[in-house]
Structures are given as structure tokens and as C-alpha cells.
Amino acid sequence: MIVLGIETTCDETSAAVVTDGPRLLSQIVLSQAAEHGPFGGVVPELASRSHVRELTAVIERTLRDASVSPADLSAIAVASRPGLIGALLVGVTTAKALAWAWEKPLIAVHHLEAHLEAPTLSYDGVAAEKLEPPYLGVILSGGHTDLYHVEAEHRTRIGATRDDAVGEAFDKVASILGLGYPGGPAVEKCALEGDPKAVPLPRTLLAPDSLDFSFSGLKTSILYKWRGQDAKGRGPIATAPAPADICASFQATVADILIEKLRRALDRTGLDTVVFGGGVTANQALRTRLSSGLDGRARLVFPRPEFSTDNGAMIAACGLRMFAEGKTATLDLEPDSTP
Ligand code: KG4
Ligand code: ZN
């Protein structure tokens, strides 16, 4: 089997070709970061326009790189939810048009489900992780901070953010400190020179049995510290900490919150495997801290960093599995912004 995967849920235009394994044959990821950078975040209308401009050429080049012709394809998979509605519409419409023109089955992939399957991808002789549900699925991305109890045929959300997503918190901290967009990689780089214990920050854990998250207080606390204000925003009363210390302390706080919530979720579900997905899992410091904090509690599975952020390969891999299970969509498929 050979599946083409299309990803346009947010600000990456990506296509990939995946064969059985799942093994990656080719992939192109076109980031729109430079276009959104001046605005400090993703501008939905710009994202849609950019997908329209780039997607067909990205698909053509991906097929060419894999030496695969449309006739060789077994199916076309597209991320149809969740995401920015205009951005999704471009991918879904393109996939439907190609499925109709090339007479291929269409597969509607859930973007978050695909994030969790990214670790199963192999390529260039790099082996993949074997994943068998049940497991605890953890999405750490720009739009989501979700905990899922993943079973063979069901995925139950058992925890979610009540305000900002964790990636959004990284982006906002970067914006407060003037580190540029996208914020995650900038905060990670800045933190390398910092002391994770230097700046005391609130660890919001909500009720003792809660599996939900809240990151807005953390973000506000950083804003006040950066302005030299007290915890109520009065002042300035002190000099601001160094950006590197803020970034390192922020990352350590995020890791501590995640560790506590994952411990609670493992206790509650009795699961022994945690599978991570989403752009924030590209953060090496966070991975190291999560690994040592949950050492002995569960097997931790991370995607390779290049499959952490949005990519077509995970859509194609998820689509390949769904195709094998007979889960195809019809040409009535509509994009859906909701998770
Ligand atoms: O999964 P993703 O590519 O897109 C969504 O589905 O949202 O995640 C994007 C998010 C952004 O908020 C970005 O700042 C964050 O992932 N991110 C990182 C890193 N690389 C990307 N956060 C922390 N450290 C990183 N190295
Ligand atoms: Zn994503």
C-alpha cells in the first residue's frame, strides 16, 4: 500500500508519501512562520491563502521525490479535523478533488490521533516504536493540552486545558520577552543559558483529583516578573530577572505540572505506557525532565523531533492504518474545526 497524506490544519503546508510499515518515502513541510512572525501568532486568513498558493506544488514535489505516480497510490489521506476552518478547507477540498480525479479512496484523519501515531513511523533505516493500545495519549501542541485514554476503538479525553494550550503559553512567554515567533523553539534556546530554579513561578494544579490544566496564571506571573511587578501587578518594585532564567524556570514549571498530572492520570487509569505528540514535545529539556520525573512509572514514547510539529507523514501513517481497517470517507467529507 502507498498513501499520500495532506496536512493543512494550521500554519504548515505539508504532504508525505508513506508505505507499509509505516515507512516514510518522502515528505515536504513548508512552514508559514515567516509570514505570521510579524503578527506574533498565526493569522487564519493568511494561513488559508498560503495553503492555497503552495499545496498543489508541495503535493507534486512529494510524489516526485518518492518516485510515485498518482496511479501507484492506494489512497489519499487528509487531516480533516480539528484546526483552523479555512486552513482545513484547503486540504480537504484538494484531497477530495484528487481522490475524484485519480479515482482513489479518501481517508479523513483526525489530526490529534495522527500526532499520537507519529512515533510508529520509520524512515531511512531509523526504526519506529511499536504501539499497542491501551495507552495514555498526551497532546502538547499550540492548540491543545489533552490527556486521552486510548483504547483500540475508542479515545476518551480525560483531561484538557481550561485556558491556554501549553504551546500557546510558550508562544506568549516568547512574545512577552520579545523572542519572536514561533515561541517554543525560541524559549528553548534562550533557556539553555538559564537557571531553572532562579525564578519562583506558580504551579497551578487545580483540584487534587483534577486532570485538567491551566497555564494562564503562569503566563501572567511571567509578565509581572518581567515588568518587575509584584504578584498583584503592582510596581515596579524590583528589577526583572534575566530572560534566560525566566525561560528555564518556565520550562521547569511546565514540566512539573505535566509530571504531576501524568502521575494522577496513570494512577487513575492503571495504564503503563504514555505516548506523547505535538509540537511542544520537540523540546529536549522538557523531554529530559519528563523522563526523569516519571522514571519507573511508565514507558514513555516520544515522536522523533522532526515528527513532533505538524507534518504530513503522521497523517499518511494514520491514513494507511485506517485504510487497512476499511475506514474510508466519501466525497461529502467536510472539514471540522472541533476536536
Ligand atoms: O503540533 P504543532 O506543530 O501545531 C499544532 O497542532 O498546534 O504545535 C505547535 C506548537 C507551537 O505553540 C510552538 O511554539 C510549539 O508547538 N513548539 C515548541 C517547540 N517547537 C514547537 N514548544 C516548545 N519547545 C519547542 N522546541
Ligand atoms: Zn498539531
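Taken together, the values in this text are just the output of simple stated rules run on the coordinates, not laboratory data. Everything quoted here is computed from the prediction, not taken from an experiment. Note: ideal-geometry Cβ built from the backbone for every residue, glycine included; neighbour counts use all protein chains shown.
Things to note:
- For region 106-118, 3J(HN,Hα) per residue [Karplus equation, 6.51 cos²θ - 1.76 cosθ + 1.60, θ = phi - 60°, Hz, x = Gly/Pro]: 10, 10, 9, 9, 7, 4, 6, 4, 5, 3, 6, 8, 4
- With the simple model of a label 7 Å out from the Cα in the direction of the Cβ, residue 35 to residue 288 spans 3.6 nm.
- Each of 210, 239, 170 was placed along the dipole of region 135-303 (beta-carbon charges, centred on the mean Cα), and the one lying farthest toward the positive end is 239.
- Long pairs among 189/232; 130/219; 104/130; 172/197; 130/327; 225/261, criterion Cα-Cα beyond 32 Å: 130/219
- Overall form of region 65-150: oblate. Here a/c, set by the Cα gyration tensor axes a ≥ b ≥ c, is 1.5 or more, and a/b is not larger than b/c.
- Considering only beta bridges that DSSP places wholly inside the chain, some 60 percent are antiparallel.
- Computed helical MRE - 222 nm, the chain, DSSP H runs ≥ 4 contributing -39500 (n - 2.57), nearest 500: -12500 deg cm²/dmol
- Per-residue 3J(HN,Hα) values for region 55-69, derived from phi via the Karplus relation 6.51 cos²θ - 1.76 cosθ + 1.60 with θ = phi - 60°, read 4, 4, 5, 4, 5, 4, 5, 5, 5, 4, 4, 8, 6, 10, 9 Hz in sequence order (x marks Gly and Pro).
- Judged by the ratio a/c of the largest to the smallest principal axis of the C-alpha gyration tensor, region 1-153 counts as oblate, that ratio being 1.5 or greater while a/b is no larger than b/c.
- Given charges at beta-carbon only (K, R positive; D, E negative), |dipole| of region 135-303 in Debye: 300 debye
- Charge dipole (debye, nearest 20) of region 34-77; +1 at Cβ of Lys and Arg, -1 at Cβ of Asp and Glu: 40 debye
- With the charge dipole of region 293-339 set up from +1 on Lys and Arg Cβ and -1 on Asp and Glu Cβ about the Cα centre, the Cα lying farthest toward the positive end among the listed residues 293, 329, 307 is that of 293.
- Taken about its Cα centre, the chain carries a charge dipole of about 780 debye when Lys and Arg each add +1 at the Cβ and Asp and Glu each add -1 at the Cβ.
- Each DSSP beta bridge with both residues in region 135-303 is either parallel or antiparallel, and the antiparallel ones are about 60%.
- Electrostatic bookkeeping for residue 251 treats Lys and Arg as +1 and Asp and Glu as -1; over the other residues with beta carbon under 9 Å from its beta carbon, the sum is 0.
- Between region 8-80 and region 89-153, the Cα center-to-center distance that results, in Å: 14 Å
- Shown in residue order for region 232-249 are the 3J(HN,Hα) couplings computed by the Karplus curve 6.51 cos²θ - 1.76 cosθ + 1.60 at θ = phi - 60°: 9, x, 8, x, x, 10, 8, 7, 6, x, 5, x, 5, 5, 4, 4, 5, 5 Hz (x for Gly and Pro).
- Rg and Dmax [Cα atoms of region 6-96; Å; Rg one decimal, Dmax integer]: 13.4, 42
- Distance between the pseudo-spin-label points of residue 20 and residue 127 (7 Å out from Cα toward the beta carbon): 2.0 nm.
- Put simply, the amide H of residue 123, placed in the peptide plane, has neighbours under 5 Å in 24, leaving out anything fewer than 5 places away on its chain.
- Ordering 115-122, 71-78 by mean Cβ neighbour count within 10 Å, with the highest value first, yields 115-122, 71-78.
- Three-way shape call for region 135-303 based on the alpha-carbon gyration tensor, with the a/c threshold at 1.5: prolate
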